[in-house]
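Just below is one structure, and these are the notes that go with it.
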Amino acid sequence: MSATKDLFIYNTLSKKKEKFEPITEGFVGMYVCGPTVYSDVHLGNVRTFTSFDIMYRYLLHLGYKVRYVRNITDVGHLLDDGEDRISRGARLDQLEPMEVVQKYTNSFHQMMDIFNTKKPSIEPRATQHIIEQIEMVQQIIDNGYAYERNGSVYFDTQKFHQEKKCYGKLSGRVIDELLSETRGDLKNQGEKNCPSDFAIWMKAAPDHLMKWNSPWSVGFPGWHLECSVMSTKYLGETFDIHGGGNDLKFPHHENEVAQNVGACNCEPANYWLHTNMLLMNGKKMSKSDGNTITPDELFTGDSPHVSKGYSPMVVKFFMLQSHYSSTLDLTDEALQASEKGYKRLMEAIKTLSTLSAKSEGNALDKEINDAVDMLDKHMCDDFNTPRAIASLFDIVSKINSLKEGHLDIRQVSAETMERLQKSFPSFIHDVLGLEDDILSGGNNDKLDGVMDLVLQLRQDARANKNWDIADKIRDGLAKHQIVVKDGKEGTTWTLN
Ligand code: AMP
Ligand code: ZN
């Protein structure tokens, strides 16, 4: 099935919102820079990966067949002092580097599951593609855009820019102003022709832990190379979408483009998407100045930054209430407001399932269908989740009004009611990836099942005029913040 709606996305490359035109109709290739697995992911990382998960889900919703590649960086991403992040993790945790990689890959996957994100189609690791990385270095040398110095190989940014005129195009950096080099190979500044050149292969010191044979030295690939290689291998020389956090625009993505053009003479991606940073209390979330909170601390409330714990879905809902390209400030007040809104949304799904059309007229059809149409309209406008969520709340008001009789349910046709009952929960669950986990530890199916049983028993008691038992059940549930409501349409329950 091919997509029918026009999707517009903001392309960092053109700095414009553009209509999305895939290379092959009906198919999308999407590459997202994954985590460097040397420590637990923080909430900022979660924000970025959740944003790309929503894009992935929405592309699927539009009917595209999507190949979503998100890598695991397990070599080459160096700290400012030149030490490999994985080696640092191995030293601190007294583990083998690959144990570190496995440990934090597992915890990353767990966190992605907790936030109910879909798994990528392919999750390649940098260390599994050393041969391909050596081949790309050779291709770049053969094309004249890299040079070898003492066993390391550097990308020749000056020559590349003179010939291809595109270094700096993505990030907006001006090559002549790039006096200081990118993170990673500060130690080797003296070997380079020019400060803006960057290492694509690095000779390893004798005590370096992760190193491989190559034509130039026993060494390891530069950090940017893995993404050029793995995106090309799994998506082709040019593919549709490349994503990552804002902070990767330069040098990582700029250098990726340079490597791809230098090796294959074509730009890797047609659309570049960048997510913005998560802040806390107005400042960039950062481990070094203590302005940070782990996902677990946020769930349990065990942090001076929050007054209580918030469920993963409330945290996710909070994140989706801002556009992926805006900064997002995490505050206790904002989380409290999100929790309230999220409960209203979840209650509306339940209420909607109790409504049935009487189909005496259709005066409300247009109003309801227009409200449902707005969900796609906003998502097609650069995945605008905050606006889509505002439209969801318009629908919530209508659902509650229909339930309470402020809107006449007889004026909703069966067809419209069916569409509403299908699309409202499906947008929340399938497109936004939100589930009802409040108070149920993310396992709401079980709670739903138990509540069906309890309410059935209460119904039986009422049918037998056994009011004491019926009241005992209701009062007992209330003690656990479960509110039972008896209405014309039957009995419903909500979490308080
Ligand atoms: P890293 O593991 O540091 O390579 O980061 C993985 C992804 O998370 C990258 O796309 C980063 O841009 C993104 N990221 C890092 N810090 C933040 C933050 N504070 N807010 C949002 N995204 C972030
Ligand atoms: Zn990358």
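The values are calculated or read from the model by the stated rules, or taken from the named source; none is laboratory data. Everything numeric here is computed off the predicted structure, so don't read it as measured data. Cβ atoms come from the backbone with ideal geometry, glycine included; neighbour counts cover every protein chain shown. Only protein heavy atoms, including side chains, enter the accessible area calculation; ligands, DNA and RNA are left aside. Shrake-Rupley method; radii C 1.70, N 1.55, O 1.52, S 1.80 Å.
Below are the figures for this structure:
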| quantity | calculated |
| --- | --- |
| Cα gyration tensor shape of the stretch 361-415, rounded if a/c is under 1.5, else prolate or oblate by comparing a/b with b/c | oblate |
| Prolate/oblate/rounded call for the stretch 39-128, Cα gyration tensor, a/c under 1.5 rounded | prolate |
| Within the accessible area of the stretch 357-496 (1.4 Å probe), percent carbon and sulfur | 49 |
| Surface accessible to a 1.4 Å probe, TYR31 within the full protein complex, Å² | 0 |
| Hull shadow area, averaged, the stretch 298-402 [alpha-carbon convex hull, nm²] | 7.7 |
| Span from the the stretch 223-266 Cα centroid across to the the stretch 36-79 one, whole angstrom | 15 |
| CD proxy at 222 nm, helix term only [per DSSP H run n ≥ 4: -39500 (n - 2.57); per residue of the chain; nearest 500] | -13500 deg cm²/dmol |
| Accessible area of the stretch 249-382 divided out per residue, in Å², using a probe of 1.4 angstrom | 38 |
| Gained length - VAL174 relative to THR327, 0.36 nm times residue gap less alpha-carbon distance | 52.6 nm |
| Kirkwood-based Rg to Rh ratio, the stretch 367-496, C-alpha trace | 1.04 |
| Within the stretch 1-124: Cβ-based charge dipole about Cα centre, in debye rounded to nearest 20 (Lys, Arg +1; Asp, Glu -1) | 700 |
| Label-point separation in nm, GLU237 to GLU418, each point 7 Å along Cα→Cβ | 5.0 |
| THR491 accessible area, 1.4 Å probe, all protein chains in place, Å² to nearest 10 | 50 |
| Karplus-derived HN-Hα couplings along the stretch 75-86 (A = 6.51, B = -1.76, C = 1.60, θ = phi - 60°), whole Hz, x at Gly and Pro | 6, x, 8, 8, 7, 4, 7, x, 7, 5, 4, 5 |
| Angle in degrees between helix 254-264 and the longest Cα principal axis of the chain, rounded to the nearest 10 | 60 |
| Order of exposure, largest accessible area first, which applies to GLU226, GLU191 with probe 1.4 Å | GLU191, GLU226 |
| Extension gain, LYS340 back to GLU25 (0.36 nm per residue minus Cα-Cα distance, nm) | 109.3 nm |
| Rounded FRET efficiency, nearest 0.05, which uses the C-beta distance separating HIS480 from LYS377 and R0 of 51 Å | 0.80 |
| Dipole-positive endmost among THR36, PRO22, VAL46 within the stretch 1-153 (Cβ charges, Cα centre) | PRO22 |
| For the stretch 141-168 and the stretch 283-347, distance of Cα centres in Å | 44 |
| Accessible surface ranking that places the most exposed of HIS242, HIS378 first, with a 1.4 angstrom probe | HIS378, HIS242 |
| In nm, spacing of pseudo-spin labels at HIS429 and ARG91 (7 Å Cα→C-beta vector) | 5.0 |
| Whichever lysines have a C-alpha closer than 24 Å to that of LYS169, once near sequence neighbours (fewer than 8 apart) are set aside | LYS15, LYS16, LYS17, LYS19, LYS159, LYS192, LYS233, LYS249 |
| Förster radius 51 Å - calculated FRET efficiency between HIS61 and ASP408, Cβ distance, rounded to 0.05 | 0.95 |
| Directionally averaged projected area (convex hull, Cα atoms, the chain), nm² | 26.3 |
| Within the accessible area of the stretch 21-163 (1.4 Å probe), percent carbon and sulfur | 45 |
| Fully extended contour minus Cα-Cα distance, from ILE131 to ASN193, at 0.36 nm per residue | 19.7 nm |
| Label zone at HIS208, where the point sits 7 Å out along the Cα-to-Cβ direction: the stretch 116-152 residues whose backbone N lies under 11 Å | 151-152 |
| q = 0.28 Å⁻¹, the stretch 79-122: log10 I(q)/I(0) [Debye, one scatterer per Cα] | -0.90 |
| Protein-only accessible surface order, largest first, of PHE8, PHE52, PHE250 at 1.4 Å | PHE8, PHE250, PHE52 |
| Rounded FRET efficiency, nearest 0.05, which uses the C-beta distance separating ASN466 from LYS17 and R0 of 41 Å | 0.05 |
| SER397 versus GLU123: modelled label distance in nm, points set 7 Å from Cα along the beta carbon direction | 4.2 |
